[in-house]
Every structure is written in C-alpha cells, then in structure tokens.
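Notes for the one structure printed next.
The values are calculated or read from the model by the stated rules, or taken from the named source; none is laboratory data. Note that the structure is predicted; figures quoted are calculated from it, not measured. Quick reminder, even Gly has a Cβ in these numbers, built from the backbone with ideal geometry, and neighbours come from all protein chains shown. Accessible surface is based on the protein model in full, side chains and every heavy atom, while ligands, DNA and RNA are left aside. Shrake-Rupley method; radii C 1.70, N 1.55, O 1.52, S 1.80 Å.
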Amino acid sequence: MMKGAVARRYAQALYEIAVAKGTLATLEEEIKGVALAVEGSAELQRVLYHPQVLPGQKKELLAALFADKISQESMNFLNLIVDKRREKYITGIAEEFVALANAARNTVTAKVTSAIELDEAAKQDILKVLAKISGKEVNPTFQVDPSLIGGVVVQIGDKVIDGSIKTRLATLKSRLMSKTS
C-alpha cells in the first residue's frame with residue numbers, strides 16, 4: 001500500500017512539471033526508459049537500492065548512465081528521488097506516470113493474451129471491441145500463451161476479461177465436482 005502511495009505522489013509531481021513545461025511525451029519516454037534500465041540490470045539495482053552507497057555516488061552513477069540520454073528535468077527528478085531515498089520506487093513511479101499521461105490522453109493500456117498468434121484482422125476486431133467497452137483509445141500489447149488452449153484473456157487496468165478455454169474448462173470441472181459431492 002505504501003509503495004503505491006509513494007509512487008503516485010512522485011509521479012503526480014513529475015506529471016505536473018511535464019504539463020507545465022509542455023514536455024509530457026518526452027518525460028514519459030525518459031522515465032519509462034530509466035525504469036526499464038533499472039529493471040533490466042541487477043547490478044544497477046544492487047547499487048541503487050543499497051543503503052550504504054552514498055547518495056552522491058548514486059547520483060554520479062545515474063549521471064554517467066543517463067545524463068546524455070535524458071533531459072535536465074528528468075535528471076533533476078532522479079536526483080530528487082535519490083535525495084529522498086526513494087530509488088526502489090522508480091519502476092512504480094514510471095508506471096503511475098504513464099497512467100496519468102494515458103488518462104490525460106484518454107488512452108488505456110490493454111494486455112491481450114491469446115492461445116495462438118492473432119492475425120492483424122483479429123487484432124483490429126479486438127481493439128474495436130475494447131475501445132467500445134472502455135470508451136477510450138486502446139494501446140494494446142499482444143502476447144501468446146499456449147496454455148490457454150483457445151480464446152483470449154484481456155487485462156485493462158485492474159479488470160480482466162477471461163474468454164479462455166482453460167478457464168471455461170476449470171469452471172465446468174468445478175461445477176461437475178460440486179454436483180457429485
């Protein structure tokens with residue numbers, strides 16, 4: 001609970017700066033890039049998250065890694081995070097920031113998982129339905145999970161629409177088991 005509240009607070013502050021300066025898209029891409037870099041490197045996490053590494057050393061490391069790749073606003077924000085000892089929240093802050101930016105653009109992200117690779121026509125049909133359901137523009141990611149057997153599972157925010165054969169079979173099994181006992 002605390003992690004989400006901290007991430008939301010920092011993301012909201014960065015969002016307000018981005019809106020005021022008109023750099024929403026730029027800061028969004030930069031903070032997502034930094035979060036991906038941190039997520040993808042166990043060594044970077046070890047240094048950033050270690051309490052005995054001094055804030056100055058962490059700032060130097062971040063500057064060496066990102067100074068020529070991100071704006072001064074983003075670099076200042078990272079320095080603030082280090083000063084406040086909130087390095088562990090970078091990924092959460094990025095997620096919350098993207099959510100705020102998406103809300104401002106009337107966009108929602110959707111994760112669509114199917115049993116087989118979907119062709120372009122099927123993807124477009126799913127997007128039309130999701131746009132109608134959500135009332136927003138949909139930014140999808142598609143992935144394949146053969147364990148679903150058939151059908152699709154869609155996650156939009158905290159809602160899950162499960163139309164997979166795997167789930168239907170599990171539901172059928174539990175119904176049959178409850179009737180026999």
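Remarks
- Helical runs (DSSP H, four residues minimum) scored at -39500 (n - 2.57) apiece and divided by the length of the chain put the mean residue ellipticity at 222 nm at -20500 deg cm²/dmol.
- Set of lysines near Lys136 by C-alpha distance (under 26 Å), chain-local residues within fewer than 8 positions excluded: Lys21, Lys32, Lys111, Lys123, Lys128, Lys159
- Antiparallel DSSP beta bridges within the chain, percent to nearest 5: 55 percent
- Full extension of the chain segment joining Thr171 with Glu60 gains 34.5 nm, where the gain is 0.36 nm per residue of separation less the Cα-Cα distance.
- Calculated from backbone phi, Karplus (6.51, -1.76, 1.60) coupling profile of region 138-154 in Hz, x at Gly/Pro: 9, 10, x, 10, 10, 9, 10, 9, x, 5, 6, 6, x, x, 9, 10, 10
- Carbon + sulfur, % of accessible area of the chain - ligands and nucleic acids excluded, 1.4 Å: 57 percent
- Sorting 101-109, 168-176 by average packing, meaning the other beta carbons within 10 Å per residue, from highest down gives 101-109, 168-176.
- Orientation-averaged projected area, Cα convex hull of the chain (nm²): 14.5 nm²
- Taking the Cα atoms of region 106-148, the ratio Rg/Rh between the radius of gyration and the Kirkwood radius comes to 0.99.
- Centre-to-centre, using Cα atoms only, region 103-125 and region 7-78 are separated by 29 Å.
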